[in-house]
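To start, the structure itself, in structure tokens.
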Amino acid sequence: MTTDVIAEDPRWRGTGVEALASRAVKAALEHVDLDPGDWNVTILACDAARIAALNARFRGTPMPTNVLSWPSAERAAAERGERPAPPAGDSELGDIAISFETCLAEAREGGVPLEAHVLHLVVHATLHLLGYGHDDDSDADLMEATETAILQSLGASDAHSRKETGDRP
């Protein structure tokens, strides 16, 4: 597995974002029975201005969010509430962007360590890369249950509601 983290905002340096992102992606892939060695994810660790520009460009929402994801292919399940099929073909799962200011503010507000919130957001975004979503209640329930199980395997709290994580563009 390759989890390539580009720390565009220097405030990410020293946070351990590279190791945290790698742990989160690996745990998500293993949870859905994928060999982490077969897949690649790129993560942009940026600031609020950069993620706001990305959010405006890809979602039409010109404001910061905590995390965004861009799957390399559409992987949603055929039926709502069903687990998406495993990805096939290209080893690139997609890209993720995570905002320093938003992540830090949410961690402080939620009373959780920054590291735990980074794990949560990267797990959430990785599930989007794998085709999970939360556009309706049945999909959201499946995604939230999967996310919670992964975070428990990492020893991290799932102290955040589904509304606190950004949607994929």
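Values in this text are rule-based calculations from the coordinates and carry no lab data. From a predicted model like this one, the values you see are computed outputs, not experimental measurements. Here the Cβ is made from the backbone with ideal geometry for all residues, glycine too, and neighbour counts use every protein chain on show.
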Worksheet, complete the sentence: Along segment 59-73, Karplus-curve 3J(HN,Hα) (6.51, -1.76, 1.60; θ = phi - 60°) to the nearest Hz, with x for Gly and Pro, reads 10, x, 10, x, 8, x, 9, 7, 8, 10, 9, 10, x, 6, 8
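Compare the peptides 81-90, 36-45 by average per-residue count of other Cβ atoms within 10 angstrom and give them in order, highest first.
Per-residue Cβ counts within 10 Å, averaged per peptide and sorted highest first, yield 36-45, 81-90.
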Worksheet entry | Per-residue ³J(HN,Hα) for segment 93-110, Karplus 6.51 cos²θ - 1.76 cosθ + 1.60, θ = phi - 60°, Hz, x for Gly and Pro | 7, x, 10, 9, 10, 9, 9, 4, 4, 5, 4, 5, 4, 5, 5, 4, 4, x
Worksheet, complete the sentence: Which of V67, V32, V118 fluctuates most in a GNM of the chain (C-alpha springs under 10 Å)? That residue is V32
Worksheet item: Long-range amide H contacts for L44: which residues qualify at under 5 Å (H placed 1.01 Å from N, peptide plane, sequence gap of 5 or more or a different chain)?
Response: I6, I96, A97, I98
Worksheet item: Counting Lys and Arg as +1 and Asp and Glu as -1, each charge on the Cβ, what is the dipole of the chain about the Cα centre in debye, to the nearest 20?
Response: 480
Discussion item. Can you give me the Rg/Rh ratio for the chain, using Cα atoms for both radii and the Kirkwood formula for Rh?
Written reply: 0.93
Discussion item. Report for the chain the percent antiparallel among DSSP-assigned beta bridges with both residues inside it, nearest 5.
Written reply: 30
Worksheet item: What's the extension gain from A56 to S91 if we count 0.36 nm per residue and subtract their Cα-Cα distance?
Response: 9.8 nm
Worksheet item: In nm, to one decimal, how far is the modelled label at R11 from the one at E109, with both set 7 Å along Cα→Cβ?
Response: 1.5
